[in-house]
1. Mind checking which residues of segment 448-461 are in contact (Cβ under 8 Å) with a residue 12 or more places away in the chain and either among the aromatic types (F, W, Y) or not in a loop (DSSP other than H, G, I, E, B) (or both)?
2. How many of the residues in segment 33-59 are at pLDDT below 80, β-branched (V, I, T) and closer than 30 Å to D96 by Cα?
3. Quickly run through segment 462-514 and pick out the residues that are open to solvent by 20 Å² or more (accessible area, probe 1.4 Å), of a type in the set (D, E, K, R), touching a residue at least 24 places away in the same chain (Cβ under 8 Å) and not in a loop (DSSP other than H, G, I, E, B).
4. Just for segment 564-584: of the residues that are part of a loop (DSSP other than H, G, I, E, B) and open to solvent by less than 60 Å² (accessible area, probe 1.4 Å), which one is modelled with the lowest pLDDT?
5. Name the one entry in E154, E66, E144 that is of a type in the set (D, E), buried (at least 16 other Cβ atoms within 10 Å of the Cβ), farther than 18 Å from L367 by Cα and modelled with pLDDT of 80 or more.
6. Among the numbered criteria (1) part of a helix (DSSP H, G or I); (2) modelled with pLDDT under 70, which one does I341 miss?
7. Do the conditions hold for T256, that is, is it part of a helix (DSSP H, G or I), among the polar types (S, T, N, Q) and modelled with pLDDT under 75?
8. Name the residues in segment 528-543 that are assigned to a loop (DSSP other than H, G, I, E, B) and within 30 Å of G559 (Cβ to Cβ), would you?
Amino acid sequence: MKRRVSTLLVAWFSVLGCVHAEFFTSIGHMTDLIYAEKDLVQSLKEYILEEEAKLSKIKSWANKMEALTSKSAADPEGYLAHPVNAYKLVKRLNTDWPALEDLVLQDSAAGTKYQAVMSADDCFGMGRSAYNEGDYYHTVLWMEQVLKQLDAGEEATTTKAQVLDYLSYAVFQLGDLHRALELTRRLLSLDPSHERAGGNLRYFERLLEEEREKRVSNQTEAELASQEGIYERPVDYLPERDVYESLCRGEGVKLTLPGTKYQAVMSADDCFGMGRSAYNEGDYYHTVLWMEQVLKQLDAGEEATTTKAQVLDYLSYAVFQLGDLHRALELTRRLLSLGFIANLSVQRQFFPTDEDETGAAKALMRLQDTYKLDPDTISKGELPASLIPVSPGKHSRQRRINLPSLPAFQLARATVRDPKTGVLTVASYRVSKSSWLEENDDPVVARLNLRMQHITGLTVKTAELLQVANYGMGGQYEPHFDFSRNDEQDVFKHLGTGNRVATFLNYMSDVEAGGATVFPDLGAAIWPKKGTAVFWYNLLRSGEGDYRTRHAACPVLVGCKWVSNKWFHERGQEFLRPCGSTEVD
């Protein structure tokens, strides 16, 4: 486009130069100006056509985004509950919107509430992310999905040659030399000048020739031939991987108590009054709950004197006060689209980064493995019905804590203690955010501690603070022990209260799919239900660790998981839980 504008300006100044050079003194020279002006008009028309094409693309993008946001913004939490939607939102804000940053930024990119379809370009991004991480197993799965969608006629910026470039090398890394050679030849048939493919072809052919010379066993060749592009996932560091993931899929013993569902019927105006009352009290947590309910009822067509603009005005500021800047920006844009005028200045530093996009891709692949979802299923946004139980109602008669309003409540990436150094550090096998609450932070914390003490018969005087944790998209904690093992440093020595004798885990939210607490050695799973809890002893009465308590938090597939837990320690429990007479008591 800049080249076209430059050409137009050059032609224009050329004509001006001709005039100033006294071409009028010669009719022969004047005729040259006629053709020069004709060229100028032609250049102008071409410029207009390119500008119109550019504007058409912008309008098309704007219409597409408007259609998406009108659906997703009606229920942002429901939209983000689907992992594909969450991934695509991060990807759009990090990759797609910057390309249009200087054009129009009136609507925030979002997704469709009832669909979460991944395009061929989306799948290619997933495959490339896996490739960059050296994860060739997932690279193959995603690149094959891209080819499938391209072969079906889907329009995309990604070309088959690009896909085959990644795919051929990935299958080679998985040991399938024959298929790598076949895919490389296919790549060269599409792009004969591809230098890397030409070099790879010669290298693969030489390796095959060396295999023939060494007379590779027929068994190995037969095994490769029978794979037909299907590969086993590489063995990793987790010995109970298969059992753990089968339990997460609901294939073990289920120990969940049935939940209770509460319903209440209020008009949109009634809900708006509740939300405005909460707002005036500075209770932004409940402001958000009520204002979201108003939007839901208005979007359903309920007649009311309250307008969406009034609701969004309160809601956008309330979510900002709760620290959700991204959503506050989204809601403000929606408010402005209804007729409000303001100067919008999008701060790019608040948008997701490349690291965020990579993290979202990793989370989606983690869900893919755990719940046995193939890329085709994820691409279509389909999730097995067996993995999506009906969620109980959101209303509760219990006293709740407005967590974001607590001064001490600051969610941070959860850490683990390095067994060798004893230093706290983040780990890829624990993906969540947590915060610690003291009794004086809120009366509910003190009452909850007392209730756990009465239920267990153990004292909380030597227990750790109440930990609150949030698991978002793909949030998980792979199999681990809560207690310190004999081969580790005494990680709790600084506390002076001994080892962790017991764990009390409270479920503070329902989870639409995934998020179970599983015990691989016992073959049991506890599925989150708001208001329920699970308790277990980590140590035998002898003080030795009970290795049957190795447990995990399954990845959250759909929804959001909130839990709180209390770790009881040995000191102070001597007369409340006396020692046994043998080592295994």
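1. Once the filter is applied, which keeps residues that are in contact (Cβ under 8 Å) with a residue 12 or more places away in the chain and either among the aromatic types (F, W, Y) or not in a loop (DSSP other than H, G, I, E, B) (or both), segment 448-461 yields L448, N449, M452, I455, T456.
2. Final tally of qualifying residues: 0.
3. R500
4. G580
5. E144
6. Every condition holds for I341 apart from (1).
7. Considered against the rule, which asks whether it is part of a helix (DSSP H, G or I), among the polar types (S, T, N, Q) and modelled with pLDDT under 75, T256 comes out as no.
8. P528, K529, K530, G531, T532, N538
The values are calculated or read from the model by the stated rules, or taken from the named source; none is laboratory data. In this text, all values refer to a predicted model and were calculated from it rather than measured experimentally. Backbone-built Cβ (ideal geometry, glycine too); neighbour counts: all protein chains shown. Remember, those area values only see protein heavy atoms, side chains included, never the ligands or the DNA or RNA. Shrake-Rupley method; radii C 1.70, N 1.55, O 1.52, S 1.80 Å.
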